[in-house]
1. So how many Å³ per residue does the convex hull of the Cα atoms of the chain work out to?
2. Amide H neighbours of Ile123 under 5 Å, at least 5 residues apart or on other chains, H built in the peptide plane: list them.
3. If you roll a 1.4 angstrom probe over the protein chains with everything in place, what fraction of the accessible area of segment 126-203 belongs to carbon and sulfur, to the nearest %?
4. Which angle between 0 and 90 degrees, to the nearest 10, do you get for helix 152-166 versus the longest principal axis of the chain when only C-alpha atoms count?
5. Ranked from highest to lowest mean number of other Cβ atoms within 10 Å per residue, what is the order of the peptides 198-211, 175-188, 152-165?
6. Please give the residues of segment 270-303, grouped as numeric ranges, whose backbone N is less than 20 Å from a label point set 7 Å along the Cα-to-Cβ vector of Asn212.
7. Lys278: net charge of surrounding residues, Cβ under 13 Å, Lys/Arg +1, Asp/Glu -1, itself excluded?
8. Starting from the Cα-Cα distance between Asp165 and Ser317, subtract it from 0.36 nm times their residue separation and give me the gain in nm to one decimal.
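The values are calculated or read from the model by the stated rules, or taken from the named source; none is laboratory data. Fair warning: this is a prediction, and the values are worked out from it, not measured in the lab. Cβ: placed from backbone, ideal geometry, glycine included. Neighbour counts: every protein chain shown. Remember, those area values only see protein heavy atoms, side chains included, never the ligands or the DNA or RNA. Shrake-Rupley method; radii C 1.70, N 1.55, O 1.52, S 1.80 Å.
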Amino acid sequence: MNKKDVLVTGGAGYIGVHTIVELYNSGYKPIVVDNLSNSSIKNIKGAEQILNDKITFYQYDCSDFDQMDKLFGEQINIEAVIHFAAFKSVEESVREPQKYYTNNIGSLEIILDLMKKYKVSNIIFSSSCTVYGSPDILPVNELASFKKAESPYGETKQLCEKLIDSSKTNSISLRYFNPVGSHKSGLIGDCSSDKPNNLVPIICEVASGKRNSMKINGKDYDTDDGTCVRDYIHVVDLARAHVMALDHILNNTNIKTAYNLGVGKGVSVQEVINSFEKINNLKISYEIGPRRVGDIEKIFSDNSKINDELNWFPIMSFESALESAWRWEKNHKKILKKDSN
Ligand code: UDP
């Protein structure tokens, strides 16, 4: 079979690497570029182990025009780009907004310019539910207008979607809710080099003893138990949606659209901790802290558009996400220990 080449930027990252596995298993040839600034080559090795094959990998920086120009010049059969490469911490973006504007928007501009130069006309963009700001109506659907973003990170996603909309390329923006969990092998996962900011990786660090305790960021929100509500989606379900979006964009003309990618159910921070304890039979030490700047009180998705148009439905359970997140944490720790010996 003649495999279609797909450029995956940020493919050594958490969502990127899970998508590589799904792409490969669906008959695509992922070509991966990642500068490894906040990811790890271990994820590429892990994917190669899962797939029992080599992955084409470039350690280039998407915000370096010359490097990316070289890549596009060498890989002349690229039919689509899946653009994951970006900084992703809401918290850091509040502290260092310029870093986010420059990198997240700058690298997309380079990708779009090079797509035009090399006549690649399909892009799947890694967007986020943060584009909605604090939505008026829940569950939020794709018709909701972008309200003021709660963080520079969210604003970069709004601006990137607008940039893509104003380009001539076919595009699908996938607005992720909260990805959690890992591939069942425990060989790939979130390898972010800095300290994790996201809830489930932090819970895992408390479980493994890497942290003594954690804080719930505020318990005075207008929600059932006072803690923030999010829509947690298994990363493998999220990765599968990229393949379906890719099939769709390659088999149709004039596609310019966006889809919510969530399960459609709101779960509170307190409920995540309780479920993690129950499923993995562990005790998590936590206390109540202040609210986190940039946090949205409550958000969950209406996913009916992607159900109807791409026939995508979540198939992985929340329980399996929390189980696999813990498996990855234990495995990852072992790998790191082995490396340091
Ligand atoms: N959260 C928390 N303690 C932590 C990390 C996160 O209470 O140590 C909360 C966070 O404030 C938010 C929810 O968990 O309400 C999900 O946070 P995450 O960073 O995972 O996702 P995002 O805020 O980007 O939706």
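1. 133
2. Val81, Asn170, Ser171, Ile172
3. Values: 1690 of 3170 Å².
Result for segment 126-203: 53 percent of the exposed heavy-atom area is carbon or sulfur.
4. 30
5. Answer by packing, highest mean first, reads 175-188, 152-165, 198-211.
6. Within reach of a label on Asn212: 283-290.
7. -3
8. Working it through step by step, the gained length comes to 51.4 nm.
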